[in-house]
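Following: one structure in structure tokens, then a few remarks.
The values are calculated or read from the model by the stated rules, or taken from the named source; none is laboratory data. Note that this is a predicted model, so its numbers are computed, not measured. Note that each Cβ is placed from the backbone with ideal geometry, even for glycine, and that neighbours are counted across all protein chains shown.
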């Protein structure tokens, strides 16, 4: 257990931290990347402001929405309107490239290393930037997948072709009824494959990725490993943050690095093994 006077911020200079992180990356035999929403935000995938206003002016005018995320939970009266909103949401956050090359910069740093990625992000940016899909574990789902809303079976379905039709053919905040997706097994409406409640489907691909993650952990237990946490907030700390702290504490050869705006912290128990950088991830990667 970690002490309740939990976290600290390093007092060493910004440039000292850059050099320490650069050396940690170079010297590591393996790197486990833990990525949260802050990484995609640094890449330009923001859910409010101009990007939201440019893509959803009709929904904003009609309902007074203030951000893309909360609008996704609105109880739309029809499935045609629900999917008009969600098809746009999926299209810009899954099938469009991120505005800034942050993921590509990260890939350039990692491509020759023995790496693995554990992420709560669902926007597929890692794979689009060139990361090996066999080294990725998307724990919380994928904007590019649908599942049965019940769910009646543990299978997911690629949505790219239908989503693009929805975007192209929608009018007055509504898609054609024939494009509304239904489960091919039970006929219930389809839903997003996103972990929001206990209906989330962990399909075969999810379990294979989970197994590869555990294999990576086992292979490098006690070794010279860098736990590189990028943009992970406090919403689901049990997935990335706490395990990274625990694995660092159990391994004197390990280094824990955290890059985050306002949340670059770690427990006192591992501060001698830690590099905590309060700043923009894209800027840090550029300096590295």
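Considering the stretch 11-23, and only residues there that are within 16 Å of residue 287 (Cβ to Cβ) and assigned to a loop (DSSP other than H, G, I, E, B), the residue that is modelled with the lowest pLDDT turns out to be 12. None of 28, 24, 84, 129 is in contact (Cβ under 8 Å) with a residue 24 or more places away in the chain, crowded, with 18+ Cβ neighbours inside 10 Å and in contact with a helix residue (DSSP H, G or I) (Cβ under 6 Å, 6 or more places away or on another chain) except 129. Among the criteria (1) closer than 30 Å to residue 175 by Cβ; (2) at pLDDT 95 or above, the one residue 26 does not fulfil is (1). Any residue in the stretch 230-244 that is in contact with a helix residue (DSSP H, G or I) (Cβ under 7 Å, 6 or more places away or on another chain), surrounded by 15 or more Cβ atoms within 10 Å (Cβ to Cβ) and on the phi > 0 side of the Ramachandran plot? Looking for residues that are in contact with a helix residue (DSSP H, G or I) (Cβ under 7 Å, 6 or more places away or on another chain), surrounded by 15 or more Cβ atoms within 10 Å (Cβ to Cβ) and on the phi > 0 side of the Ramachandran plot, one finds at least one in the stretch 230-244, hence yes. The set of residues in the stretch 152-162 that are out of contact with any strand residue (DSSP E or B) (no Cβ under 8 Å at 6 or more places or on another chain) and either outside any helix (DSSP H, G or I) or buried (at least 17 other Cβ atoms within 10 Å of the Cβ) (or both) comprises 152, 153, 154, 162. Within the stretch 65-76, does at least one residue satisfy the condition of being on the phi > 0 side of the Ramachandran plot and either more than 23 Å from the chain's Cα centre (by Cα) or in the same structural domain as residue 246 (by TED's automatic domain parsing) (or both)? Looking for residues that are on the phi > 0 side of the Ramachandran plot and either more than 23 Å from the chain's Cα centre (by Cα) or in the same structural domain as residue 246 (by TED's automatic domain parsing) (or both), one finds none in the stretch 65-76, hence no. Might you let me know whether the stretch 119-140 holds any residue that is modelled with pLDDT of 95 or more, more than 30 Å from residue 31 (Cβ to Cβ) and not in a loop (DSSP other than H, G, I, E, B)? The answer is no; no qualifying residue exists. Only residues that are touching a helix residue (DSSP H, G or I) at 6+ places or on another chain (Cβ under 6 Å), closer than 27 Å to residue 100 by Cβ and surrounded by 20 or more Cβ atoms within 10 Å (Cβ to Cβ) were counted across the stretch 253-281, and they come to 8.
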